[in-house]
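Below is one structure; the comments refer to it alone.
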Amino acid sequence: MEVYEHDRSNTMIKSVSSLRSLAPVLIVLLLLALVPLFSPSNRFLSLAISAGINIIALYGLSVLFGQTGILSMGHAALVGVGAYTAALLARDFDIGFWVSIPVAGIMAAIVAAIIGIPSLRVSGHHFVIMTFAFGQLLTIILTNGGDFTGAASGLDMGKPVTMFGADLDALPRFYLLVVAFVTVSAVASWAIIHSSYGRTLRAIRENEKLAAALGIDVGRHKIGAFIVSGVFAGVSGVLLAYFLRHISPGQFASFPSIYLALMVMIGGARLLLGPLAGGILVSFLPEVLNLDPVQSRILYGACLIAVILFLPNGVIAGIADGWTWLVRMSKRRPAAGNVSEVGR
Amino acid sequence: MNAILDIKGLRKHFGGVTALSGVDLAINEGEILGVVGPNGSGKTTLFNVVTGVHKPTAGTVTWKGKDITGIPANQISGNGIGYTFQQAMAFPGLTVLENVQIATEHSAASTRTDFAWPTPAALLDFVGISGLAREKAGILPFGSLRLLGLALALATRPSLLLLDEPAAGLNDRETAALVGLVQQFPAHGISVCVIDHDMKLMQMLCKRLAVLDFGAKIADGPTADVLHDKKVLEVYLGGEL
């Protein structure tokens, strides 16, 4: 009987602690939503919007990489599928933003399945190379798509984002739209992580062989996680197309894919604050340090090496570990001098 | 005796290496069968082929009258065959309770409703590690990790448990505790097949032994007889005493 009590209290503790992991993210996002009140520069808002659009894709990558342990090096291609879906829907069918979101999500999911089914037959490094190759392949298809995809020069997005008849094109409004989408992505990612589905994905990450022995269809779930991450990427792509107003194949090639992987590694993929931190750091660091593109690439490389060596679970996990260590140290010191404690 | 699992003419080649060269083996309902043999004799390969980790080169595996030769690893537990690994016993980054929860969640395909340990808590209690439920499996001492591995295999509600060197790395006290657990399984409707080369353990656990050498079965029968078999003694001791 005692064991059952224990079980119940354990699940209660778990639900509290899982809410506790969501709260900091919501607080940070709430604070970020207040930014337009301080009349920031357009430059700042543009950067923040691009960061936010990346962060949406990063929440998908955190399910894939953080939970399932699969790294995709072609993720920008799935963002591209979303962006091109939105641009084509607007051009050929006069379909606007809000319908594009689910359609692009589905399109990216389909492409993720097409990439995932053959690629996930191999694992580890081989899979990384496969995703990289598929990313390049998509760029080639888009570049050679003739008038349909606008070839190398890409497509224009002629429509604005509207909501309740209001135009959301002004930067502060578009910024708030992106913050709202980041919030939805963060909550969706959180819900996946704390579901039994999330636990299944972690089981695969921790021990594939054992997961299969316990009846988990490892292959199917890996493809599933890749498809889920594709949906996030597709949505991110729609926002990108509506923000940039012009998209071209180069934006979805290998470098943007590497940046996405870099952001999720620097921020940390397992904790909910990780994608937020990674997206913001990588987008703003060159700006804050006033670096040109070549210097910033060098910086990114150095950062990635530093993170892999010193903070393998990302910046946020590193800070959390540092904090626990500090708390433990500060607790230990007074306890050592406390006679009544020693007497116990 | 009813054979619950019937292995016929099972062969497995890895390139030019023959790991199993036509093994026949029947596991009877309600027994604890031991499979022994020197390193490299094909014991683990036998398990891996039965459990779908490897596809056999030839031969059949019949489970309760149904041909299950070469079915995928993740469908084995759904059929009611549980197994433990020599290494890789648990999910190190997850808590002990989460480990067992995952194992119970995916046993839905299993048909057994009359199971002695229906919940994760009951399973942890049975193997005696419920006090560690909230610890990460990765920090468990080796003995507890083996017990967790056993709990995970049990969580799939098997009718047959395949144990791959369940006592490797355990001290005498831990081994005795493990033997105590395994001996209870037949009464709960779980037949057992153990592979190990620890003869002391096998004598404690098994009434029947099968001996593999170079991928072939060289003896099969009551434990006492097998241990005095001429061929077995040759394999183990290099000749008669």
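Each value in this text was obtained by applying a stated rule to the coordinates, not by laboratory testing. Only a predicted model underlies this, so the values are computations on that prediction, with no experimental measurement involved. We place every Cβ from the backbone using ideal geometry, glycine too, and count neighbours over all the protein chains shown.
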Once Lys and Arg get +1 and Asp and Glu get -1 on their Cβ, which of A:Ala269, A:Ile227, A:Gly116 lies farthest toward the positive end of the dipole of the stretch A:24-339?
A:Ala269
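Listed highest first by mean packing, meaning other Cβ atoms within 10 Å per residue, what order do A:214-227, B:179-192 come in?
Numbers: A:214-227: 21.7, B:179-192: 16.6.
Ranking the peptides A:214-227, B:179-192 by packing returns A:214-227, B:179-192.
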Name the residues whose placed amide hydrogens come within less than 5 Å of the amide hydrogen of B:Ile4, ignoring near sequence neighbours (fewer than 5 apart) on the same chain.
B:Ile27, B:Asn28, B:Glu29
Residue-span extension gain [A:His125 to A:Ser196] - 0.36 nm each, minus C-alpha spacing
22.8 nm
Test of understanding: express the Cα radius of gyration of the protein assembly as shown as a ratio to 2.2 N^0.38 Å, with N the residue count.
1.16
Where the only charges are on Cβ atoms (+1 Lys, Arg; -1 Asp, Glu), what is the dipole of the stretch A:24-339 about its Cα centre, to the nearest 20 debye?
1120
Cα-projected label distance for B:Arg11 with B:Ala58, points at 7 Å along beta-carbon direction, nm:
0.3
Under 19 Å Cα to Cα from B:Lys55, which aspartates and glutamates show up? Leave out anything in the same chain fewer than 8 places away.
A:Glu208, A:Asp217, B:Asp6, B:Asp24, B:Asp67, B:Asp164
Here the whole-number average of other chain Cβ atoms within 10 Å per Cβ of B:66-75 is 3
What's the ranking of A:287-299, B:49-61, B:159-171 by average number of surrounding C-beta atoms within 10 Å, highest first?
B:159-171, B:49-61, A:287-299
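Which of the pairs B:Lys66/B:Lys230; B:Lys200/B:Lys230; B:Lys43/B:Lys64; B:Lys12/B:Lys207; B:Lys12/B:Lys64 have their Cα atoms more than 30 Å apart in this structure? Each step should come with its number before you reach the end.
Details: B:Lys66/B:Lys230 36 Å; B:Lys200/B:Lys230 19 Å; B:Lys43/B:Lys64 22 Å; B:Lys12/B:Lys207 28 Å; B:Lys12/B:Lys64 22 Å.
From the list (B:Lys66/B:Lys230; B:Lys200/B:Lys230; B:Lys43/B:Lys64; B:Lys12/B:Lys207; B:Lys12/B:Lys64), the Cα-Cα distance tops 30 Å for B:Lys66/B:Lys230.
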Kindly state, to the nearest 0.05, the FRET efficiency for B:Phe214 paired with B:Asn28, given R0 = 30 Å and r defined as their beta-carbon distance.
0.75
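Quick check: net charge around B:Ile68, other residues with Cβ under 13 Å of its Cβ, Lys/Arg +1 and Asp/Glu -1?
Values: positive: B:Lys8, B:Lys55, B:Lys64, B:Lys66; negative: B:Asp6, B:Asp67.
Net local charge, B:Ile68 excluded: +2.
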Report, by chain and number, residues whose modeled amide H sits under 5 Å from the one on B:Leu33, excluding near sequence neighbours (fewer than 5 apart, same chain).
B:Val192, B:Cys193, B:Val194
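Quote the Stokes-Einstein diffusion coefficient, in whole µm² s⁻¹, for chain B, based on the Kirkwood radius over alpha carbon pairs, a temperature of 4 °C and a viscosity of 1.567 mPa s. Let's see the in-between values first.
Details: Rh = 18.2 Å.
It comes out at roughly 71 µm²/s.
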With x for Gly and Pro, the residue-by-residue ³J(HN,Hα) of the stretch A:200-207, computed from phi through the Karplus equation 6.51 cos²θ - 1.76 cosθ + 1.60 at θ = phi - 60° and given in whole Hz, is 4, 4, 5, 4, 5, 4, 6, 6
In whole Å, how far is the Cα centre of the stretch A:50-64 from that of the stretch A:68-98?
13
Antiparallel DSSP beta bridges within chain B, as percent of all bridges there, nearest 5:
60
Derived scalar couplings ³J(HN,Hα) [the stretch A:226-231; Karplus, 6.51 cos²θ - 1.76 cosθ + 1.60; whole Hz; x for Gly, Pro]
5, 5, 4, 5, x, 4
Kindly work out what percent of the DSSP beta bridges joining two residues of the protein assembly as shown are antiparallel, to the nearest 5.
60
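Step by step: find N for the stretch A:24-339, compute 2.2 N^0.38 Å, then divide the Cα radius of gyration by it. What's the final number? Let's see the in-between values first.
Numbers: Rg = 20.3 Å, N = 316, 2.2 N^0.38 = 19.6 Å.
Compared with the compact-globule rule of thumb, the stretch A:24-339 sits at 1.04.
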For the residue pair A:Ala302 and A:Ala170, what label-to-label distance in nm results when each label sits 7 Å from Cα along the Cα-to-beta-carbon direction?
4.1
Express in nm, to one decimal, how much length is gained between A:Phe255 and A:Ile140 on full extension, taking 0.36 nm for each residue of separation and deducting their alpha carbon distance.
39.9 nm
Protection proxy ranking of A:300-312, A:73-85 - average other beta-carbon atoms within 10 Å, highest first
A:73-85, A:300-312
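Need one word for the stretch A:66-198: rounded, prolate or oblate. Basis is the Cα gyration tensor (sqrt eigenvalues a ≥ b ≥ c); a/c below 1.5 gives rounded, then a/b vs b/c decides.
Numbers: a/c = 2.46, a/b = 1.22, b/c = 2.01.
Oblate shape, in that a/c is at least 1.5 and b/c is the bigger or equal ratio.
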FRET efficiency, A:Ile319 to A:Leu31 (Cβ-Cβ, R0 22 Å, nearest 0.05):
0.80
Between B:Glu135 and B:Arg173, what FRET efficiency comes out of the Förster formula 1/(1 + (r/R0)^6) with R0 = 22 Å and r the beta carbon distance, rounded to 0.05?
0.60
At 222 nm, what helix-only mean residue ellipticity would the protein assembly as shown give, in deg cm²/dmol to the nearest 500, using -39500 (n - 2.57) for each DSSP H run of four or more?
-18500 deg cm²/dmol
Net charge over other residues, Cβ less than 14 angstrom from the Cβ of A:His246 (K, R count +1; D, E count -1):
+2
